[in-house]
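Asks: Please see the structure below; I have some questions.
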Amino acid sequence: LRSYPHSAVLDGAGAYLLRWGRRGSALALRLEVRTRGYVGFGLSASGGMASADIVVGGVERGQPYLQDYFTDENRVLKKDPQQDYHLEYAMENSTHTILAFSRELHTCDTNDKSITESTVRVIWAYHHKDMGEAGKNYHGSNRGTKSLRLLNPEREEVSSASLPYFDLTNKDVPVPDKDTTYWCQMFKIPVQHEKHHVTKVEPLIQKGHENLVHHILLYQCSSNLNDSILDYGHECYHPNMPDSFLTCETVIFAWAIGGEGFTYPPHVGLSIGTAADPVFVLMEVHYDNPSFTEGLVDNSGLRLIYTPVLRKYDAGVIEAGLWVSLFHNIPPGMPEFVSEGHCTLECLEEALGAERPAGIQVFAVLLHAHLAGRAIRMRHFHNGEEQKLLAYDDEFDFNFQEFQYLKEERTILPGDNLVTECHYSTVDRIRMTWGGLSTRNEMCLSYLLYYPRINLTRCASIPDIMEQLQFIGVKEIYRPVRTWPFIIKSPKQYKNLSFMDAMNKFKWSRSEGLSYNQLVLKLPVNVRCSKTDNAEWSIQGMTALPPEIERPYKTEPVICSSSSCLSCSLFLTLLCIVYITVSTIGNTGPFV
């Protein structure tokens with residue numbers, strides 16, 4: 001099974017196991033399914049049967065079979081005239097069917113889905129009967145979908161069975177019967193007397209709450225606190241929350257729904273136990289309860305596995321992108337709207353120039369948005385020249401967000417620019433979508449895991465709000481600003497409305513939305529450049545211009561190959577050999 005280093009159970013009953021691994025320009029897959037009938041596997045943009053790339057196989061009367069199919073937009077299953085899935089072996093015993101096959105990542109076939117580093121929505125199905133001549137047997141309820149990253153780079157897993165750990169878990173938190181709740185609980189790190197490295201962080205999600213717990217953030221808090229703040233949790237961002245929560249600004253770990261545990265590379269660890277390390281941490285759990293279910297009680301959290309055997313580098317986290325605020329907004333009815341958050345060259349010049357002129361090494365990135373998110377890219381510019389994307393997900397799935405390990409560590413230098421580019425769709429919305437904490441609001445963030453750790457925790461931006469309001473005709477607001485959201489003074493049609501109400505009152509069309517998008521991407525931005533303990537670099541609050549960048553981002557050309565293309569290449573090769581042979585024979589004279 002070394003050819004298949006990755007695995008995932010696709011169903012809740014453990015009946016369908018997928019193993020896979022990259023093999024050059026192809027992907028090798030092995031399905032182990034509890035059935036003696038057919039097994040179906042597919043790739044889908046939506047997670048449904050419409051416009052899907054499907055393969056069906058099994059063993060019937062001792063004979064293996066594998067067939068490449070696709071579905072149209074009406075979910076009608078059709079045989080693909082270009083067969084790109086290649087059976088390697090098939091087995092069947094008294095309980096299970098095992099299929100091993102491969103497929104090129106890019107096949108030239110319009111009926112196939114290209115396999116990239118983006119999220120892949122895998123669909124699966126099986127039946128107790130084979131695909132016989134009598135017709136296609138419907139799989140019934142034996143089907144489902146799961147989001148995966150099939151091209152995750154290899155990572156070295158170090159056995160953590162014998163290592164010590166500690167858990168940070170909520171204790172019987174009553175989840176309110178409301179759409180969105182952020183719950184905060186303070187903890188004290190138990191390892192304090194000497195330096196250790198956390199090597200792995202695992203989510204501990206209460207069974208049955210997999211869709212309730214949307215994300216967990218772990219913040220470092222002021223070390224000047226005392227144990228009295230550990231007594232109870234409270235809603236985050238609440239007027240009555242404890243003042244101690246305001247000292248917790250530095251994100252040290254992030255987990256989001258669908259993600260698994262995170263293992264640090266062998267040369268890097270999250271440092272605990274020294275004066276510079278967290279003593280008190282705040283765990284923020286985002287509960288997503290759109291059905292307003294009552295009586296929910298949660299005990300989810302995180303497990304941190306650590307070692308006294310120190311690694312070479314301490315890890316840090318930088319939050320980059322759009323600072324979460326109402327100044328980030330998206331018009332309704334837009335099939336495509338792009339927002340950009342800037343980790344500006346001014347912030348990186350100051351922070352890295354002072355702390356690490358040789359640069360930092362990024363080794364993993366978590367891309368984060370909410371329900372309207374469709375794609376996210378982390379663009380990197382050095383001396384004004386665009387580098388290869390730092391990270392991307394062109395098939396973003398709100399329900400599957402985890403750190404992406406970079407294939408190669410990336411150096412970020414003073415004066416570089418990082419742009420978090422988020423693509424949204426609001427075609428099903430009739431009101432503005434605002435930047436905010438609810439999953440019905442939006443975010444556009446990247447969390448960068450890097451080493452060595454420096455004193456930079458946030459590198460973000462906010463677009464200028466007044467120029468946004470001028471687009472809809474706002475001329476003047478009441479000053480000084482005493483209310484939030486602030487109130488508009490003129491023109492008459494917006495008088496005494498909040499700027500949120502004015503934006504919703506404006507009659508948005510797709511052409512207006514497109515013009516607004518082009519404007520927003522060119523606006524000056526307010527720089528956010530933060531240190532630990534609520535301190536700030538001097539550039540914080542300054543205005544900067546976004547870099548001159550090419551829009552839209554031009555993706556790298558895909559080199560595709562398929563069985564038919566390979567046949568063409570083989571034919572051409574044979575033709576060349578025949579031609580050379582004939583030419584050689586023709587040019588050879590008699591032996592003298």
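Asks: Is it true that residue 118 is surrounded by fewer than 17 Cβ atoms within 10 Å (Cβ to Cβ), assigned to a loop (DSSP other than H, G, I, E, B) and either touching a Phe, Trp or Tyr at 6+ places or on another chain (Cβ under 9 Å) or modelled with pLDDT of 95 or more (or both)?
Replies: No, not satisfied.
Asks: Could you please tell me which pairs satisfy a Cβ distance under 9 Å, a separation of 6+ or placement on different chains, a first residue in the stretch 75-87 that is touching a residue at least 60 places away in the same chain (Cβ under 8 Å) and within 17 Å of residue 41 (Cβ to Cβ), and a second residue that is surrounded by 16 or more Cβ atoms within 10 Å (Cβ to Cβ) and aromatic (Phe, Trp, Tyr)?
Replies: Qualifying pairs under 9 Å: 86/101.
Asks: Please give the number of the condition residue 223 fails out of (1) open to solvent by 40 Å² or more (accessible area, probe 1.4 Å); (2) small (Gly, Ala, Ser); (3) in contact (Cβ under 8 Å) with a residue 60 or more places away in the chain.
Replies: Against the list (1) open to solvent by 40 Å² or more (accessible area, probe 1.4 Å); (2) small (Gly, Ala, Ser); (3) in contact (Cβ under 8 Å) with a residue 60 or more places away in the chain, residue 223 comes up short only on (3).
Asks: Right, here's the next one. Counting just the residues of the stretch 231-246 that are part of a helix (DSSP H, G or I) and in contact (Cβ under 8 Å) with a residue 60 or more places away in the chain, which one comes out nearest to residue 169 (Cα to Cα)?
Replies: 245
Asks: Condition first: aliphatic (A, V, I, L, M) and in a loop (DSSP other than H, G, I, E, B). Now tell me which residues in the stretch 434-458 satisfy that.
Replies: 437, 443, 454, 456
Asks: On to the next question. Given the structure, is residue 462 surrounded by 14 or more Cβ atoms within 10 Å (Cβ to Cβ), assigned to a strand (DSSP E or B) and more than 34 Å from the chain's Cα centre (by Cα)?
Replies: No; evaluated as a whole, the condition is false for this residue.
Asks: Mind listing just one residue for me: the one in the stretch 172-198 that is over 20 Å from residue 241 (Cα atoms) and out of contact with any Pro (no Cβ under 9 Å at 6 or more places or on another chain) and, of those, surrounded by the fewest Cβ atoms within 10 Å (Cβ to Cβ)?
Replies: So the residue we want is 193.
Asks: Another question, if that's okay. Failed condition for residue 277, given (1) over 28 Å from the mean Cα position of the chain (by Cα); (2) closer than 20 Å to residue 363 by Cβ; (3) not hydroxyl-bearing (Ser, Thr, Tyr), with all others met?
Replies: Result: residue 277 passes all but (1).
Asks: I need the full set of residues from the stretch 98-131 which are within 18 Å of residue 86 (Cα to Cα) and small (Gly, Ala, Ser), in order please.
Replies: 100, 102, 114
Asks: Can you tell me how many residues in the stretch 47-61 are in a loop (DSSP other than H, G, I, E, B) and within 19 Å of residue 32 (Cα to Cα)?
Replies: Counting residues in the stretch 47-61 that are in a loop (DSSP other than H, G, I, E, B) and within 19 Å of residue 32 (Cα to Cα) gives 1.
Asks: Another question, then. Any residue in the stretch 395-411 that is part of a loop (DSSP other than H, G, I, E, B) and closer than 14 Å to residue 343 by Cβ?
Replies: No, the stretch 395-411 contains no residue that is part of a loop (DSSP other than H, G, I, E, B) and closer than 14 Å to residue 343 by Cβ.
Asks: Starting from residues that are open to solvent by 50 Å² or more (accessible area, probe 1.4 Å) and among the small types (Gly, Ala, Ser), keep the ones in the stretch 475-528 and report whichever is nearest to residue 540 (Cα to Cα).
Replies: This residue is 515.
Asks: Quickly run through the stretch 315-361 and pick out the residues that are of a type in the set (Val, Ile, Thr) and part of a strand (DSSP E or B).
Replies: Scanning the stretch 315-361 gives 317, 318, 330, 338, 360.
Asks: Taking the options 288, 298, name whichever one is among the acidic types (Asp, Glu), modelled with pLDDT of 95 or more and under 26 Å from residue 398 (Cβ atoms).
Replies: Exactly one residue qualifies, and that residue is 298.
Asks: Taking only pairs six or more apart or across chains, which ones have beta-carbon atoms under 6 Å, a first residue in the stretch 247-268 that is on the phi > 0 side of the Ramachandran plot, and a second residue that is part of a loop (DSSP other than H, G, I, E, B) and open to solvent by 20 Å² or more (accessible area, probe 1.4 Å)?
Replies: Taking only residues 6 or more apart or on different chains, the pairs are 258/399.
The values are calculated or read from the model by the stated rules, or taken from the named source; none is laboratory data. Since this is a predicted model, take the numbers as computed values, not measurements. Positions of Cβ are generated from backbone atoms using ideal geometry, with glycine treated the same way; all protein chains shown enter the neighbour counts. Calculation scope for accessible area: heavy atoms of the full protein, side chains included, ligands and nucleic acids excluded. Shrake-Rupley method; radii C 1.70, N 1.55, O 1.52, S 1.80 Å.
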